[in-house]
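Following: one structure in structure tokens, then a few remarks.
Quick note: the coordinates plus some simple rules give every number you see, no bench work behind them. Owing to the predicted nature of the structure, the values given are computational and were not obtained by experimental measurement. When we count neighbours, we look across all protein chains shown, and the Cβ atoms used for this are built from the backbone with ideal geometry, even at glycine.
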Amino acid sequence: MLRVSIRKQIGTSRKQLGAERQTRSGNNERESRQAFRLDVEFMAASGVTILFGHSGSGKTTCLRAVAGIVTPDEGRISLDERLYFDSASGVNLPIQQRRVGFVFQDYVLFPHLTAEQNVAYGIRASENSGGLSKAAKRERARELLALLGIEYAARQYPRELSGGESQRVALARALASDPAIVLLDEPLSAVDAKTRARLLAEIRATQQRTDIPFLYVTHNVAEVVEIGDHVIVLDEGRVIRQGSPREVTLVQSE
Amino acid sequence: MGGAPWKSMVLRAFGAYMIWPAFKLSLFVTFVATCVVVLLGTAFAFVLAKRKFRGRELLDAVVTLPLVLPPTVTGYYLIVLLGRRGVIGSYVYERTGWSVTFTWWAAVIAAAVMALPLMVKSARAAIESVNPQYEIASYTLGKSELETFFRITLPLASRGIFAGVVLSFARALGEFGATLMLAGNIPGKTQTMPLAIYEAVVAGADRQAQILALVLTAVSVTAIYLTNKLTGGRTQGM
């Protein structure tokens, strides 16, 4: 069970912006729109939990806070018995120790490594054996690529892969690190529509086979209905609704 | 020396002005200095690019200083530091009776100090141009900052780093002022090619100066060509 209760000021406050406006005019329009206060509290159990909201609602920031990429101003994040972050006691576990698999919007596969090497890179050395042998890592990487149905691309470099293939490799790599939870940040937004449906089904199937909880960020209602077990709706940094996909989308359409 | 007939031919053609020893010494000094610069420069670049600490810009300034200071001034500071009566040099001399000045070590140190800024600048820019998302992805896979640097950042920055290596090599090869200050101009011992050119010109040995100048020019042109080729192409990891 993932428990998140965090607060964070996002973007620049209006006061600071006033001074900056004269020097840098380009980005400020966006910044001023994005400046808001994130104040959320939610839980995610097994299955696929969706963080749903429009861009700028704070859902990606939540995901990044769970991973340890961004630090909340205050609050508490824990997964099962492990405390990730607690401003009260000063705990802030580094990214490396959180055991989260992160699937990025734009894949972020290492361009100088093949698909197989990307996945093998993610394989965590177990504490007692002092690391797997190269052959064992390769075999494990192949298994994971096979799980996602892309072992045929093992020797290809990221630039040779399609968007759908890249995202499968990215998911395989995230699973390779033996994560306690998988965090997916709009994993389908860079993929074409045709691939989207298939990939969505595969992500769903992968979750069920591995039985690792998935926390899935999206702004697409179709994805919510298709893949979600539990949905948390965010708006302007606050949780405005939660429930099953049906409950949430019914309210949404009213 | 001697032995191979081609060598004596070359020697005769080049004349008496120590071209061959200067050439050999220059290559040796430059090679050693470049190795030192690559290791130190990459380490400095990593620290400057990735660590936020007080005095970071001061460190950057100190490392970069030889780029803007007159080389003789840099050489002067090196004497103040490493000379027989220098801050560090006196300590070494008291303990061992040895001083680095007027040895080939001094030529290496002078060349390395003068080339270091170019390496640090190139490597830092290359490291900073790598999309930090790759590093974050590596962290989420449980990899430490150091392992991430060596397995992800460095390979993705390799073009810019190699460009730095080429520039440093060229700079070290051409080092004159600081070398003259710290290592002197001892033929066969500390007289590198740039120093040999100077001596040839002063002595009116125009032909020797010409040959040495052409060799150095060829190396420099090659270095610029290589650097442009390496940095001009599409960079990975942007």
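Against chain B, whose longest principal axis is taken from its Cα atoms, helix B:104-128 shows a tilt of about 30°.
Give me the net charge for the shell around A:Leu148: Cβ to Cβ below 13 angstrom, other residues only, Lys and Arg +1, Asp and Glu -1. Mind showing how you got there, number by number?
Numbers: positive: A:Arg142, A:Arg168, A:Arg173, A:Arg198, A:Arg204, A:Arg209; negative: A:Glu116, A:Glu143, A:Glu151, A:Glu165, A:Glu202.
Around A:Leu148, the surrounding residues sum to +1.
Could you work out, residue by residue across B:152-158, how many beta carbons of other chains sit within 10 Å of that residue's beta carbon, and then give the average as an integer? Kindly include the intermediate steps, with their values, before the conclusion.
Details: counts 5, 0, 1, 4, 3, 0, 1.
Counting other chains' Cβ atoms within 10 Å and averaging over B:152-158 gives 2.
Amide H contacts of A:Val103 (H built 1.01 Å from N, in plane; Pro and chain starts excluded): A:Leu183, A:Leu184, A:Asp185 sit under 5 Å, all sequence-distant by 5 or more or on other chains. Round to the nearest 10 and give me the degree value, 0 to 90, for the angle of helix B:5-14's Cα axis relative to the longest principal axis of chain B. So the helix axis and the longest Cα principal axis differ by about 80 degrees.
Ranking request for peptides A:49-59, B:71-81, B:122-132: highest mean number of other beta-carbon atoms within 10 Å first, then the rest in descending order.
Working: A:49-59: 22.6, B:71-81: 18.1, B:122-132: 20.4.
Averaged packing, sorted descending, gives the order A:49-59, B:122-132, B:71-81.
3J(HN,Hα) couplings calculated from phi for region B:31-40 with the Karplus curve 6.51 cos²θ - 1.76 cosθ + 1.60 (θ = phi - 60°) are, in sequence order, 4, 4, 4, 5, 4, 4, 5, 5, 5, 5 Hz; Gly and Pro show x. Size descriptor for the protein assembly as shown, Kirkwood hydrodynamic radius: 26.8 Å (Cα pairs only, one decimal).
Per q in 0.20, 0.30, 0.31 Å⁻¹, report the Debye log10 I(q)/I(0) for region B:126-173, using one uniform scatterer on each alpha carbon and no solvent. Taken in order of the listed q values, log10 I(q)/I(0) reads -0.64, -1.02, -1.06.
Placing unit charges on the Cβ atoms of the charged side chains and taking the dipole of chain A about its Cα centre, the candidate lying farthest along the positive direction among A:Ala135, A:Gln208, A:Gly237 is A:Ala135. Counting charges near B:Ala49 (Lys, Arg +1; Asp, Glu -1) among other residues having Cβ under 9 Å from its Cβ returns a value of +2.
Close amide H pairs (under 5 Å, H built 1.01 Å from N) link A:Leu234 with A:Phe52, A:Gly53, A:Ile240, residues at least 5 positions away or on another chain.
Given springs between every Cα pair under 10 Å in a Gaussian network model of chain B, which of B:Lys50, B:Lys121, B:Lys143 has the largest fluctuation? Top of the fluctuation ranking is B:Lys143.
Placing unit charges on each Cβ (+1 for Lys and Arg, -1 for Asp and Glu) gives chain A a dipole about its Cα centre, and among A:His219, A:Ala176, A:Tyr157 the Cα reaching farthest toward its positive end belongs to A:Tyr157.
Do you know the relative contact order of chain A, to the nearest whole percent, from alpha carbon pairs under 8 angstrom that are 6+ apart? Kindly include the intermediate steps, with their values, before the conclusion.
Working: 477 pairs, mean separation 67.9, N = 254.
Computed value for chain A: 27 percent relative contact order.
If I fit a long axis through the Cα atoms of helix A:14-23 and take the longest principal axis of the Cα atoms of chain A, what angle between them do I get, 0 to 90°, rounded to 10? Between helix and principal axis, roughly 80 degrees. Calculated on the Cα set of region A:112-176, radius of gyration then Dmax: 11.4, 38 Å. Net charge dipole, the protein assembly as shown: roughly 1260 debye, given to the nearest 20, about the Cα centre with Cβ charges of +1 for Lys and Arg and -1 for Asp and Glu.
What area, in nm² and to one decimal, does the C-alpha convex hull of chain A cast on average over all directions? Mind showing how you got there, number by number?
Working: hull surface 63.6 nm².
The orientation-averaged projected area of the Cα hull of chain A comes to 15.9 nm².
Among A:78-90, A:220-232, the peptide with the highest mean count of other Cβ atoms within 10 Å heads the list, and the full ranking is A:220-232, A:78-90.
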